[in-house]
Amino acid sequence: MKLNIPWHQYALIVYLAEKMQEKKQRFGKTALQKLIYLLQTIFKVPVGYQFSLYIYGPFCSDLMDDLDYVSCIGGVAVTMDQGSTGYTISSSSNAELIKNKAQDFLDVYQSQINKLLDEFGSMRVRDLELRSTIIFVDRDALTSGREITRDDFIQEIKSIKPHFSYDEIKEAMEELESRGYIERRM
Amino acid sequence: MRLYEIRDPIIGFITINEWEREIIDHWAFQRLRRIKQLAWTDMVYPGATHSRFEHSLGVMHIATQMFDSIVQKNAEFLKSEMNFTDAGFQRDRVLVRLASLLHDVGHAPFSHAGEEVMPLNPATDKPYKHEAYSEAVIRHLFKDVIENHPLNQNYHIKADDVADFLAGKTSIQRSLLWRSLITSQLDADRADYLLRDSHHIGVEYGKYDLKRLLVTLTVAYDENGEPVLGVEEGGWHAAEGLILARYMMFTQVYFQHTRRAYDYHLVRVMQHLLEESLQGADSQGGKFPPPTSADNITLYLQWNDWRVYGLIHSGQGGPDAELIKKRRHHRSVFQTSEVPTVQELNLLEDICNELGELVCFIDEAESSWYKFGREDIYILPDENKKNSRKTKQLSTISSVVKGLKPIRQRRVYVPLERKKDAEKKIKKVLGDLGGA
């Protein structure tokens, strides 16, 4: 009987931590959530997490559990920044061992992961938060067959994220539309 | 508006209005009386025979208490930061009550154990969960009773609003804030089931200070400035208590090794029944019909614990039903630690290879219901209460929570009559490794 251990999910967490370290980007729990959401949704990498929408954007509790477990088995270190309210994720002593367990997965989806990091890896968490929510709303409207005008779409985002200005929302939408990541609405 | 009171062993009295009473009297809600909350846990803890019906009422009551507590203390903040009005609060309160009342209406027979025989959702490539059935049941069957009651003229709530709230759809917009009351680390669902399960089973593991938690609930901002539900600093230890209660209940009850064997046998019984049932039209190759139409939902809801008991009693449950009747369930012969290392997982692989076809199933803590990961709850420090309202995560300030790890234990099960053979083979693998 085959053991069902999701090494590919563990290895991806380790790999993203390494790459973000290389880019000298602060990599916390929210960034991990949003990057994996984008990797699955935009770049169609079958990571296998199911995200659900909360007021703070798409979130997957299984991913948080996996991060903790990967930290326990030495794939990453999750440390609290001094004087900060957030965590930083960095690679740790068993990083290679865990990546080796899912090397095939990392090889197959290398280009998508690199593209994700090129396009979104340097963004502030706040920007990732807004973009992932816009994409979630876009996909939700498409799958449920809801036709929303551009103005209503912006209004919907604004109501979920009241602390973003209309201009910020519009700018993020235009950026995602121009890259073909969300439907262009009139 | 007429009010009614229902006596409850945990809450005391649960007050409902005439609209809610009509919803509760709907046949699809009454079906929850015939769905046991903890499946065949009574094979280990004989008191565990309570139903989803009483749990659903309890969740509605606690979710309302949580909502009221938050609004009472944070009305001005919610009005200024999220544009709420008093009418907005009243409508969302009703939405929260209806959603929490109906959140489990789509459960399969024997609750979570029955979820293993749900069909694949083509959108996610994973099996549907009971939440998808609850959503569909509300949309298809509760439309009339929700939308056309005279009391709803005050709120204009649609069945779709309730289903969208539970599903986390963006169409409910700002009301998403309250979704955390039904599905999050700090929700009314677990607030109720921990106390209720402990009460019926007769254990103390799931008890925590609900009253303290209720008066310290608040709304604040997370580290990224997003509004979140959290707990004031004064409720820090009550929040720790909730997390510890979950940890204890998971290890001692929900992931108890014999109880998990019965979950496995139940799935096999359900597969057999769905394949062999005389009313085979409502099954799809050993799976329930998908929650994609009113007809499918109606067929699905014909299944409940009573029907399964009846079929087992009449000898139609297949070989696993016979094992259940004789209490000759499969036995666990090897288990990893609660947080296995990479080396332990490698050892587990060696053992499974050695046991070969003796292995009936490998249980995984992360796949079991109510799994335990490291919980985090937002805490609003006293010094931030009046200004930034910025929270800290409990895991950063609580050494108790910091020390908890996600449970990823795995167990190997074999048939009772092959237990000794299996143990010999395991001994051999461990001996080859130098008596590890």
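The values are calculated or read from the model by the stated rules, or taken from the named source; none is laboratory data. This is a predicted model, so every value here is computed, not measured. Cβ: placed from backbone, ideal geometry, glycine included. Neighbour counts: every protein chain shown.
Tabulated data for the structure shown
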{"quantity": "Complete set of residues in the range B:101-149 that are of a type in the set (D, E) and under 21 Å from the mean Cα position of the chain (by Cα)", "calculated": "B:D104, B:E115, B:E116, B:E131, B:E135"}
{"quantity": "Some residue of the range A:42-59 being assigned to a helix (DSSP H, G or I), under 24 Å from B:L177 (Cα atoms) and in contact with a strand residue (DSSP E or B) (Cβ under 9 Å, 6 or more places away or on another chain)", "calculated": "no"}
{"quantity": "Candidate set: the range B:320-343, residues that are more than 14 Å from chain A (Cβ to nearest Cβ) and free of Cβ contacts under 8 Å to residues at least 40 places away in the same chain; chosen: the one surrounded by the most Cβ atoms within 10 Å (Cβ to Cβ)", "calculated": "B:E322"}
{"quantity": "Failed criterion for B:I146 (all others in (1) out of contact with any Asp or Glu (no Cβ under 9 Å at 6 or more places or on another chain); (2) buried (at least 21 other Cβ atoms within 10 Å of the Cβ) hold)", "calculated": "(1)"}
{"quantity": "Filter pass, A:S61 being at pLDDT 95 or above, out of contact with any Phe, Trp or Tyr (no Cβ under 6 Å at 6 or more places or on another chain), surrounded by fewer than 22 Cβ atoms within 10 Å (Cβ to Cβ) and of a type outside the set (A, V, I, L, M)", "calculated": "no"}
{"quantity": "Qualifying residue in the range B:229-250 (condition: among the charged types (D, E, K, R), in contact with a helix residue (DSSP H, G or I) (Cβ under 9 Å, 6 or more places away or on another chain), surrounded by fewer than 23 Cβ atoms within 10 Å (Cβ to Cβ) and not in a helix (DSSP H, G or I))", "calculated": "yes"}
{"quantity": "Qualifying residue in the range A:111-124 (condition: within 12 Å of chain B (Cβ to nearest Cβ), outside any helix (DSSP H, G or I) and free of Cβ contacts under 8 Å to residues at least 12 places away in the same chain)", "calculated": "yes"}
{"quantity": "Residues within the range A:148-172 that are more than 14 Å from chain B (Cβ to nearest Cβ) and either surrounded by 19 or more Cβ atoms within 10 Å (Cβ to Cβ) or touching a Gly at 6+ places or on another chain (Cβ under 6 Å) (or both), tallied", "calculated": "1"}
{"quantity": "Selected residue [of a type in the set (G, A, S), surrounded by 14 or more Cβ atoms within 10 Å (Cβ to Cβ), within 30 Å of B:L166 (Cβ to Cβ) and more than 9 Å from chain B (Cβ to nearest Cβ)] from A:S132, A:S52, A:S91", "calculated": "A:S132"}
{"quantity": "Among the candidates B:S198, B:S134, residue that is at pLDDT 95 or above, under 30 Å from A:K44 (Cβ atoms) and assigned by TED's automatic domain parsing to the domain that holds B:Y247", "calculated": "B:S134"}
{"quantity": "Tally of residues being touching a Leu at 6+ places or on another chain (Cβ under 7 Å) and buried (at least 20 other Cβ atoms within 10 Å of the Cβ) across the range B:112-130", "calculated": "2"}
{"quantity": "Residue that is farthest from the chain's Cα centre (by Cα) [pool: residues in the range A:13-37 that are more than 23 Å from B:Q393 (Cβ to Cβ) and part of a helix (DSSP H, G or I)]", "calculated": "A:E22"}
{"quantity": "Count - residues of the range A:60-79 that are outside any helix (DSSP H, G or I) and either farther than 30 Å from A:E183 by Cβ or more than 13 Å from chain B (Cβ to nearest Cβ) (or both)", "calculated": "7"}
{"quantity": "Filter result (more than 13 Å from chain B (Cβ to nearest Cβ), in contact (Cβ under 8 Å) with a residue 60 or more places away in the chain and not charged (D, E, K, R)) within the range A:21-41", "calculated": "A:Q21, A:Q25, A:F27, A:L35, A:Y37, A:L38, A:L39"}
{"quantity": "Among the residues listed as B:L186, B:L177, B:L181, the single one being on the phi < 0 side of the Ramachandran plot, at the interface with chain A (Cβ under 9 Å from one of its Cβ atoms) and not aromatic (F, W, Y)", "calculated": "B:L177"}
{"quantity": "Counted residues, the range B:28-56 - those being touching a residue at least 40 places away in the same chain (Cβ under 8 Å) and either at positive phi or not β-branched (V, I, T) (or both)", "calculated": "19"}
{"quantity": "Helices (runs of 4 or more DSSP H) completely within the range B:1-107 that count 1 or more residues being of a type outside the set (S, T, N, Q) and within 14 Å of another protein chain (Cβ to nearest Cβ)", "calculated": "B:52-82, B:86-102"}
{"quantity": "Single residue of B:D222, B:D160 found to be modelled with pLDDT of 95 or more, within 14 Å of another protein chain (Cβ to nearest Cβ) and buried (at least 19 other Cβ atoms within 10 Å of the Cβ)", "calculated": "B:D160"}
{"quantity": "Qualifying helices (runs of 4 or more DSSP H) (wholly inside the range A:125-186; at least 3 residues being among the basic types (K, R))", "calculated": "A:125-143"}
{"quantity": "Options A:A11, A:A102: the member that is in contact with a Phe, Trp or Tyr (Cβ under 7 Å, 6 or more places away or on another chain), surrounded by fewer than 22 Cβ atoms within 10 Å (Cβ to Cβ) and within 17 Å of A:N114 (Cβ to Cβ)", "calculated": "A:A102"}
{"quantity": "B:S171 vs. criteria touching a Lys or Arg at 6+ places or on another chain (Cβ under 8 Å), in a helix (DSSP H, G or I) and under 16 Å from A:S52 (Cα atoms)", "calculated": "yes"}
{"quantity": "Number of positions in the range B:384-421 that are at pLDDT below 95 and either more than 30 Å from the chain's Cα centre (by Cα) or not in a loop (DSSP other than H, G, I, E, B) (or both)", "calculated": "18"}
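Each row is one residue, and each column tells you yes or no for (1) modelled with pLDDT of 95 or more; (2) more than 27 Å from B:R268 (Cβ to Cβ); (3) touching a His at 6+ places or on another chain (Cβ under 8 Å); (4) not small (G, A, S).
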{"position": "B:L57", "(1), (2), (3), (4)": "yes, yes, no, yes"}
{"position": "B:H103", "(1), (2), (3), (4)": "yes, yes, no, yes"}
{"position": "B:H112", "(1), (2), (3), (4)": "no, no, yes, yes"}
{"position": "B:D125", "(1), (2), (3), (4)": "no, no, no, yes"}
